[in-house]
Amino acid sequence: MSLNITITPESDHGKRISIAGSLDSNTAPQLQQSIDAEINESVDPTVIDFKDLDFLSSAGLRVIFKTKKIMDNSGGRFLLVNLQPQIKKVFEIIKALDGMQVFKDQDEMDDYLAAMQNKVKEGE
Amino acid sequence: MNNASEDNPSITVSNNLLDIDKLFAFLDQWANSIGLAKDIYNDLKLAIDETFVNIVSYAFDDESSHAITMKFHQSEHRIDITFIDNGIAFDPLNDSNKTMDPDNLDKGGMGIHIIRSLTDEQHYERIEQRNVFTLTKHYTR
């Protein structure tokens, strides 16, 4: 099985990493390489888009949590969007959804980002 | 070595992570032949992946190629998936190197937790210099 990775800019200084196919022990190194090249402390937010991801194993989860750690350390936002039921279930099994920002779809994430933006404006 | 038509279909692959694709193809074929529900299929697929990766990563202490056999057995309310290899004694259930720390999930240790969550029983035995590890999923048709 294979993994397709697409990286696109997000508003502010963000990046979206869209992953499609299978994120497992064979493909996790590919994602790690992309993350190493693209994600650093100046990126905010980092969005992982799971829309076309069919399969996720613990090897893939490790890469996701390594990326979360980069964002936690820099104070950047780490957002997960479009989790299919079988992918969400894997996060639930390892009890990792608490403390993570997970959005069921793009609209829900856009609402959140807009609300954050308004808060920043109010504070100005 | 693919005997999907038998009562106890089995497949033998080598201890190469790329061979997971062969196990998945075998699972697909078997799941289709018995009309396995999608949610059970998804659970078994992930449990198979995690088990295979563990065996390949920890059950062999040399560089040579080893065979790993996966067998299915289905009865009325349960599916048993057995993995057999001739590696060093390795019980995935008692792998002390691998514990899951919720604050350090980037360090791993999630595989066994996932296997335990997705299957109802797990059983390890060392039989005649072989590791025999069986996962059981209860189900109703």
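Tabulated results
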quantity	calculated
When residues of the range A:66-101 are limited to those that are hydrophobic (A, V, I, L, M, F, W, C) and within 12 Å of A:Thr46 (Cα to Cα), the one farthest from the chain's Cα centre (by Cα)	A:Ile70
Identity of the residue in the range B:32-46, under 14 Å from B:Ser117 (Cα atoms) and within 10 Å of chain A (Cβ to nearest Cβ), that ends up modelled with the lowest pLDDT	B:Asp39
Strands (runs of 3 or more DSSP E) completely within the range B:74-141 that count 3 or more residues being more than 14 Å from chain A (Cβ to nearest Cβ) and polar (S, T, N, Q)	B:130-138
B:Thr69 vs. criteria among the β-branched types (Val, Ile, Thr) and either at pLDDT 95 or above or closer than 16 Å to B:Ser10 by Cβ (or both)	yes
The lone exception for B:Asp61 - which of (1) part of a helix (DSSP H, G or I); (2) over 22 Å from B:Ser117 (Cβ atoms) it fails	(1)
Condition check for A:Val47: buried (at least 21 other Cβ atoms within 10 Å of the Cβ), within 13 Å of chain B (Cβ to nearest Cβ), aliphatic (A, V, I, L, M) and under 12 Å from the mean Cα position of the chain (by Cα)	no
Residues within the range A:78-101 that are closer than 18 Å to A:Gly14 by Cβ and modelled with pLDDT of 95 or more, tallied	5
All positions within the range A:21-34 that are assigned to a helix (DSSP H, G or I), buried (at least 20 other Cβ atoms within 10 Å of the Cβ) and within 12 Å of chain B (Cβ to nearest Cβ)	A:Ala28
Residues being of a type in the set (A, V, I, L, M, F, W, C) and in contact with a Ser or Thr (Cβ under 8 Å, 6 or more places away or on another chain) - total across the range A:57-69	1
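Table: residues versus (1) at pLDDT 95 or above; (2) at positive phi; (3) of a type in the set (Asp, Glu).
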{"site": "B:Asp101", "(1), (2), (3)": "no, no, yes"}
{"site": "B:Asn104", "(1), (2), (3)": "no, no, no"}
{"site": "B:Ile112", "(1), (2), (3)": "no, no, no"}
{"site": "B:Asp120", "(1), (2), (3)": "yes, no, yes"}
{"site": "B:Arg130", "(1), (2), (3)": "yes, no, no"}
{"site": "B:Tyr139", "(1), (2), (3)": "no, no, no"}
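Table: residues versus (1) farther than 21 Å from B:Leu17 by Cβ; (2) away from chain B (no Cβ under 14 Å); (3) not in a loop (DSSP other than H, G, I, E, B).
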{"position": "A:Thr8", "(1), (2), (3)": "yes, yes, yes"}
{"position": "A:Lys15", "(1), (2), (3)": "yes, yes, yes"}
{"position": "A:Asp36", "(1), (2), (3)": "no, no, yes"}
{"position": "A:Asn40", "(1), (2), (3)": "yes, yes, no"}
{"position": "A:Asp54", "(1), (2), (3)": "no, no, yes"}
{"position": "A:Lys68", "(1), (2), (3)": "yes, no, yes"}
{"position": "A:Asp72", "(1), (2), (3)": "yes, no, yes"}
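The values are calculated or read from the model by the stated rules, or taken from the named source; none is laboratory data. None of the values given here were measured: they were computed from a predicted structure. In this analysis, Cβ positions are derived from the backbone assuming ideal geometry, glycine residues included, and neighbour counts consider all displayed protein chains.
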